[in-house]
Each structure stands twice: as structure tokens, then as C-alpha cells.
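Visitor: Dumping the structure here so I can ask a few things about it.
The values are calculated or read from the model by the stated rules, or taken from the named source; none is laboratory data. This one's a predicted model, so the numbers in the text were calculated from it and none came from an experiment. All Cβ positions, even for glycine, are placed from backbone atoms using ideal geometry, and neighbour counts span all protein chains on display.
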Amino acid sequence: MRGCGAGKRNTAVVGIHFLILTVLVSSSVRADSPVKFGDPVAGLTAAELDRFAEGRDEFEEEETPEQGLGPAFNATSCAKCHASPAIGGDSNILETRFGGQAGKKFDPMLNAGGSLIQTDGIDPANNCLGETVPSDATIVAKRKSTPLFGLGLVDHVPDSTLQQLAKDQPRAVAGRPSMVRDATSGQLRVGRFGWKAQQATLVTFAADAYLNEMGITSPVFPNDNAPGGDADMLARCDKVAGLEDDGTGVAAFADFMTMLAPPPRAATSRGAENGAAVFTRIGCATCHVPQLTTGPSAIAALNNVTFAPFSDFLLHDMGALGDGIEQNTASGREMKTAPLWGLRMRTRYLHDARASTLEGAIREHDGQGSAARAAFDALSKGDAADLIAFLRTL
């Protein structure tokens, strides 16, 4: 969970605070709502529901080396890391990233297979092994699996919306768009997926996970990773020559994530309603933006829809809370504002799961989040409790 301090408000930000508070309080789904974690988004056609179901099946399917798994990988299916509280959710599984310093620059240590560790090999008995952090790495970071609920809505937010958010935020806490060259389209887009907002679209996000988590190539990313940078091991252990997915698997993953419903909200209370006001007052809503609206979509259920992710999907300087890893243009100190929707179902918080309580997560904020942390520490006991009560409705 990541927040930003209030800083000096500009007129535009002040003007939207009343609207924000209204959204914070009124967007809760009733406790008896039929919407559940893992459901498809409401309003899909029969054909779209079929695509969602087929995508979920692909998401849960366990891959084998004969299907292209590996030679090094982290999981045999997407669902292994995305299953809490339902398929498409998160987990407390931690992955490892590493790197070094080349002068003043970050070195992803590509010659050692960097920067993501794939822990398992398809045939350890025959020396087809997983990776370990090289001894000369000076930066080692953990990353928690992220929930995928509602990402089709996020995928359909216009780049211009996120760019405008960055312009409207007070200078002291302003985020910046993560501009990436999207591997699918070749276009320069605003990234929004991943802890560093390093992927701009769900198709590319899916293809990246297929390659880097399961070692399966596709038309988007056609080249296998050499385990630990060892080209000989790749040549010896890779069981499928050429493309291992013709693009249909990636498309199915993207369909599932695109049409996965956002997290349902819990019932609110008087204390939680006060907590929503506190959330805005101490500056959390500046970066954990409560409300965004999608642009046009061929899927009617995603077309011009207003939703409540509680994120600006921008990069912010988080000081000591940064993980030291550089990806795309994101520095080691920068992280994407984590969406807070679905927060009540999580048991560990922050990118590396270091916090076991919401209070602890807030107190780990640093850099541009330090003002919000200080404001939280200055709250009365009642207001602090109400803020936590509000967060537990998300």
C-alpha cells in the first residue's frame, strides 16, 4: 500500500476533493451483493463469457516441459501465484530480483540471467537447473504477486487520463507516467501493470509473464531466457524448438484478465465513512486516486465505465521503500502506486510483503509518501482507527 503526502494543494486538486469523498463513501457494494472475487465483470455477452471461461481454464492449466515449460521457471501455471481469495487474486509468494552497479548505473546482470530469478529447473537430475542469485549481485529484492481483479478496466483507461493526473498532482508528491514501448503494438504507451508499471497492455503483460514466469515463448516475446545466462543449458534443456505458444495462450490469459470483475466492496459503517474523509484529508487520495473512467471499448461492459481502483498508476519516488531495481525508466527508488481495491482480503502488504498490518504498511511509507505517513502518525486514536476501518472496506 502506497500513499503520498498532502503537500501544497493546487486549485484543481482541492476542487476534486469533495467528489473524491463522495466516491469513497458511496462506491461500496452491499455486503449481500452477488458479485464475488473471481467473477466475470457484469454485463458480458454470451460469447464474451465463453472467452472468459476459456481464458480461466488456460490460466489454471499446468504446463509441462513438452508444452514448452522452462527450462527454468517459477510456476507451472498462472493460478499457482494468483489464487487468493479466488483465481485471479494474489498470493504471499515472493519472487527475487537482483542486480548490481556499473559505476552510477544499475546493472541488471543479464549475463547472469538477470534480473528475475527463475527458481526451478525442468530436470535437476540431468543438470537442467533453476537459478540462484549470483554472488556478485549487490542488490537483491523481493516482490509479491499482485492481484489481477479489474485489470481490464485499468487496461482501458486512456493514457491521457494518467498523464493529466500527473500534471494535476502537487509538485511535492507528483507522480510521473511510466512511458514504455509496448512490445505488442510498438507504440509508446503509459505503463500501468507490474510493480514498476513496466507493461502498458494486458496482452503484453500476459506474454511477459508467460516467458519470465514459465519460460514459454510467444510471438510477442519469441526468445527463451538462458537460465543463469547459460546458453549451453538453454540449448541442452529446452524441449520445444521455436515458438512454444502460437499466441492463443497469451490471448486467452489476456481475455481472462480483461473480463475479470473488480473486487467487490464490503459494507461501510459510520466509522469507515469518517475514515474515508481522513484518507483524503491526510493526502492518501492524492496518489491512491479513488476513481477513474475507461475510454472506448469493443466490450460494452468496459466501455466508458467509472470504477474505483484507488491508484493513479504512476511512478512515485518512495525513498527507502524503493526496491533498488530499475526497470524500463523506473529508478530503484520509484514504485507504482499500488491499487488498494481488494485490500481487505490481503494478509501481507507492500511490494515485498514486509508489513503484516495496515498500520505497519503506512508507517513504511517514505520519499513522496513520508508526509502522509507523518500525518497518519499525528492522527487521534479515533481517526486512525476509522481510517483503518475504511481501508478494510476496500
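Visitor: Which ones in region 135-177 are closer than 28 Å to LEU94 by Cβ, surrounded by 14 or more Cβ atoms within 10 Å (Cβ to Cβ) and free of Cβ contacts under 8 Å to residues at least 40 places away in the same chain?
Guide: Matches in region 135-177: ALA137 only.
Visitor: If you don't mind, there's one more thing I want to ask. When the residues of region 173-204 are narrowed to those that are part of a loop (DSSP other than H, G, I, E, B) and under 25 Å from THR280 (Cα atoms), which ends up nearest to the chain's Cα centre (by Cα)?
Guide: Among them, the one singled out is TRP195.
Visitor: Still on this structure, I have one more. Hey, among the residues in region 254-276 that are of a type outside the set (A, V, I, L, M, F, W, C) and outside any loop (DSSP other than H, G, I, E, B), which one's farthest from THR393 (Cα to Cα)?
Guide: Residues of region 254-276 of a type outside the set (A, V, I, L, M, F, W, C): 255, 258, 262-265, 268-271, 273-275.
Restricting the remaining residues to those that are outside any loop (DSSP other than H, G, I, E, B) gives 255, 258, 270-271, 273-275.
Working: ASP255: 28, THR258: 24, ARG270: 12, GLY271: 11, GLU273: 10, ASN274: 12, GLY275: 10 Å.
Only one residue tops the list, namely ASP255.
Visitor: If you go through region 165-172 one residue at a time, do you hit one that is hydrophobic (A, V, I, L, M, F, W, C) and farther than 21 Å from GLU326 by Cβ?
Guide: Checked against the condition, which is being hydrophobic (A, V, I, L, M, F, W, C) and farther than 21 Å from GLU326 by Cβ, region 165-172 yields at least one hit.
Visitor: Of these, ALA83, ALA46, ALA12, which one is modelled with pLDDT of 95 or more and surrounded by fewer than 17 Cβ atoms within 10 Å (Cβ to Cβ)? Even if it seems obvious, please write down each step before you answer.
Guide: Values: ALA83 fails: surrounded by fewer than 17 Cβ atoms within 10 Å (Cβ to Cβ); ALA12 fails: modelled with pLDDT of 95 or more.
It is ALA46.
Visitor: Moving to a separate point now. Does ALA266 fit the bill of being closer than 21 Å to PHE37 by Cα, in contact (Cβ under 8 Å) with a residue 60 or more places away in the chain, surrounded by fewer than 19 Cβ atoms within 10 Å (Cβ to Cβ) and of a type in the set (Gly, Ala, Ser)?
Guide: So ALA266 fits the description; yes.
Visitor: Output the residues belonging to region 96-115 that are on the phi < 0 side of the Ramachandran plot and of a type in the set (A, V, I, L, M).
Guide: Correct list: ALA102, LEU110, ALA112.
Visitor: Considering only residues of region 213-240 that are in a helix (DSSP H, G or I) and of a type in the set (A, V, I, L, M), which is farthest from GLU131 (Cα to Cα)? Before the answer, list the steps.
Guide: From region 213-240, those in a helix (DSSP H, G or I) are 213-214, 227-229, 231-237; that's our starting set.
The next check asks that each one be of a type in the set (A, V, I, L, M); those that pass are 214, 231, 233-235.
Working: MET214: 13, ALA231: 13, MET233: 11, LEU234: 12, ALA235: 16 Å.
Ranking the qualifying residues of region 213-240, first place goes to ALA235.
Visitor: A further question follows. Might you check whether a residue that is under 15 Å from ALA372 (Cα atoms) and of a type in the set (Ser, Thr, Tyr) occurs anywhere in region 276-284?
Guide: Yes, some residue in region 276-284 is under 15 Å from ALA372 (Cα atoms) and of a type in the set (Ser, Thr, Tyr).
Visitor: Which ranges mark the strands (runs of 3 or more DSSP E) fully within region 93-172 that have 2 or more residues being of a type in the set (D, E, K, R) and modelled with pLDDT of 95 or more? Don't jump to the end; show me each part of the working.
Guide: Numbers: elements: 94-102, 105-107, 139-144.
Ranges flagged: 94-102, 139-144.
Visitor: Further question on the same structure: Can you tell me which residue among ALA83, ALA79, ALA102 is touching a strand residue (DSSP E or B) at 6+ places or on another chain (Cβ under 9 Å) and without any contact (Cβ under 8 Å) to a residue 40 or more places away in the chain?
Guide: ALA83
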